[in-house]
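Written below as structure tokens is the structure these notes are about.
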Amino acid sequence: MYTWGYARDHALGHDTNAKIVVSPSLVRTLPSYLNSISYRKNISNDAAINTLISSTLSKPLSQSENSSSVYKSEVLVDVKLGIRCTFVLTSTGRILSFGTSDIGLLGLGSGVTKASKPEEIKLNTRNDEEVKINALSVGLHHAVATCKDDGSIWKWGSCENGRLGPMENSGEESASVTIWTPTRFHINSDYDNHAVLACAGFDATILVMSSGNVLSCGKNSGRLGQGNDFETDTNESVEKPIPMFGGMKLWHDSTVTY
């Protein structure tokens, strides 16, 4: 994996004092790919971080001697960019993060705000259950990940505006809660609880369920797609994921594969 751009806040994963990395540089703790390179670009509020990853999921042609963050049998399958931080999804379903976040976006545990090199995000699972993450989405202040095997969704970051669904404790106010370690997203839906995809946006989360239903939660705005006039209706947050306008369903056949 190669990164370049503004190097402050450890967002590039390099051990350097340089403020700007002007050419693609290898992240030493991740494998290097030499073939089928694809280009990705993301521009945040104060930095442009560019990332090169391989679009081929075959065995890496070369690997850094110090690639301690990735197992020998692993390859990188996706990279997501946040504000001042970077995320990597591996072929074994692990998520690594590095950079800086004061709102728990790194997902590395309570109070962890910086990581100068890729560190594994540990899910808050029960009884050491194994969860393989298949998809990852990073928003402005929160992130969500999906496990296709059991349909579970995992959430972390800022809960403000209900973007991460209902609080685990009824007495908690979402505006004041930060989830530092990924926890299970309890949908409490009357439709089904098996998700196939979750997308984190600016201040909302969109969920696609195995039934084809599309649910949304977060700040009461047009981004929820729920058909209400947010300029005249109440501006309260929508914490419980509910169907988008008209009960949108992407498919109706229960035998559909996703």
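At-a-glance table
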| read-out | value |
| --- | --- |
| Unmet criterion (only one of (1) part of a loop (DSSP other than H, G, I, E, B); (2) within 30 Å of Phe202 (Cβ to Cβ); (3) at pLDDT below 50) for Leu30 | (3) |
| Near pairs, Cβ below 9 angstrom, 6+ apart or cross-chain, from segment 1-25 (without any contact (Cβ under 8 Å) to a residue 12 or more places away in the chain and under 15 Å from Ser116 (Cα atoms)) to any residue that is of a type in the set (A, V, I, L, M, F, W, C) and assigned to a loop (DSSP other than H, G, I, E, B) | Thr16/Ala7; Asn17/Ala7; Ala18/Ala7 |
| Residues that are in contact with a Gly (Cβ under 8 Å, 6 or more places away or on another chain) and crowded, with 19+ Cβ neighbours inside 10 Å, drawn from segment 10-30 | His10, Ala11, Leu12, Gly13, Val27, Thr29, Leu30 |
| Segment 165-196, subset over 27 Å from Val112 (Cβ atoms), modelled with pLDDT of 65 or more and of a type in the set (S, T, N, Q), residue surrounded by the fewest Cβ atoms within 10 Å (Cβ to Cβ) | Asn188 |
| Output for segment 91-111, where each listed residue is of a type in the set (A, V, I, L, M) and farther than 19 Å from Gly139 by Cβ | none |
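The values are calculated or read from the model by the stated rules, or taken from the named source; none is laboratory data. All values reported here derive from a predicted model rather than from experimental measurement. Note that each Cβ is placed from the backbone with ideal geometry, even for glycine, and that neighbours are counted across all protein chains shown.
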